[in-house]
Amino acid sequence: MSELREGFKNKKRIVVKIGSSSINHPESGGMDFSRIELLVRQLCDIHNSGKDVVLVSSGAIAAGKHAIGYGRDRSISHELTLPQKQACAAIGQGRLMNIYEKFFTEYNQLPAQVLMTKDTILNDVNRQNATNTFMALLDMGVIPIVNENDTIATHEIEIGDNDTLSAMVASMTGADLLILLSDIEGLYTDDPNKNPDARFIGEVPAITDEYLEMGKGSTGTGMGTGGMSTKLNAALLATKSGADMVICSSKDLTILSRIIAGEEVGTAFAANKEEGFDLPGFVAQILK
């Protein structure tokens, strides 16, 4: 076990990000209750071990699409207009939170909803208020569930990923570990879907231009939207903020407890804390 992996056992505040494709049935677009329940159980176990936990969850737009029939009726185009996406988010966010609330309650855990936009980070007052809220919730033993406020934030829908958002949350909350649950096992030297000779990379001690080049050209799934490039941007943000990060497959959600136990799964990025790191400046640069 490497020194980096060994350190995961002692993490105190963990942010977990999960995408739409990991909590929905690919055949219909409907929510996969079995997987959501397993995710919640894992998070509650981690929380019960004495660690702070924050969940960043996609899925509002997908839940809204399914609720009004876009997911089931194959005669309807899945290429929605921006207002239609915003409307689906408005419909789906409540449904998504209702499911999370149900499962967290079964494990005697209190969740809270936090919706963010780009301005939550870029505006100094908004960022401080959001940070204060996070800290108060974590102090109360609550698990915040974070998502983009897609109904009003057109820019976030166009960016379309919660990888960056989860790194922002990790930075704001002073988290020491960020876990990105994905549809791939981790970082490869090239897109493994296109290049069978692509090699898996288990650990990244520092993010260089060479690593950033590896993520270019990769894309997300049909349901999700974040490719490897966005995950590497998230890794850059998180590690500069002082958090280690892991990209791993969400195929088996028990991987969360295995990561915290120090098992060598996924790609681990070592923290390289940058003193005086300018979070709003970094976010403005990558989202411009």
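For this structure, a couple of remarks:
- Residue in the range 223-244 that is at pLDDT below 95, of a type in the set (Lys, Arg) and more than 20 Å from Lys12 (Cα to Cα) present: yes
- The set of residues in the range 101-120 that are within 15 Å of the chain's Cα centre (by Cα) and closer than 20 Å to Asp52 by Cα comprises Gln113, Val114, Leu115, Met116.
- Test: Ile91 is buried (at least 20 other Cβ atoms within 10 Å of the Cβ), out of contact with any Cys (no Cβ under 8 Å at 6 or more places or on another chain) and among the aliphatic types (A, V, I, L, M): no
- Candidates Ala67, Ala63, Ala90 - the one that is more than 30 Å from Glu203 (Cα to Cα), among the hydrophobic types (A, V, I, L, M, F, W, C) and touching a residue at least 40 places away in the same chain (Cβ under 8 Å): Ala90
- Within the range 225-273, the set of residues being β-branched (Val, Ile, Thr) and either over 14 Å from the mean Cα position of the chain (by Cα) or not in a loop (DSSP other than H, G, I, E, B) (or both) comprises Thr230, Thr239, Val246, Ile247, Thr254, Ile255, Ile259, Ile260, Val265, Thr267.
- Looking across Leu137, Leu122, one residue alone is modelled with pLDDT under 95, surrounded by fewer than 21 Cβ atoms within 10 Å (Cβ to Cβ) and in contact with a Pro (Cβ under 7 Å, 6 or more places away or on another chain). It is Leu122.
- Of all the residues in the range 144-163, those that are in contact with a Gly (Cβ under 8 Å, 6 or more places away or on another chain), modelled with pLDDT under 90 and either surrounded by 24 or more Cβ atoms within 10 Å (Cβ to Cβ) or not small (Gly, Ala, Ser) (or both) number 2.
The values are calculated or read from the model by the stated rules, or taken from the named source; none is laboratory data. Predicted model, so just to flag it, every value in this text is computed and none were measured. All Cβ positions, even for glycine, are placed from backbone atoms using ideal geometry, and neighbour counts span all protein chains on display.
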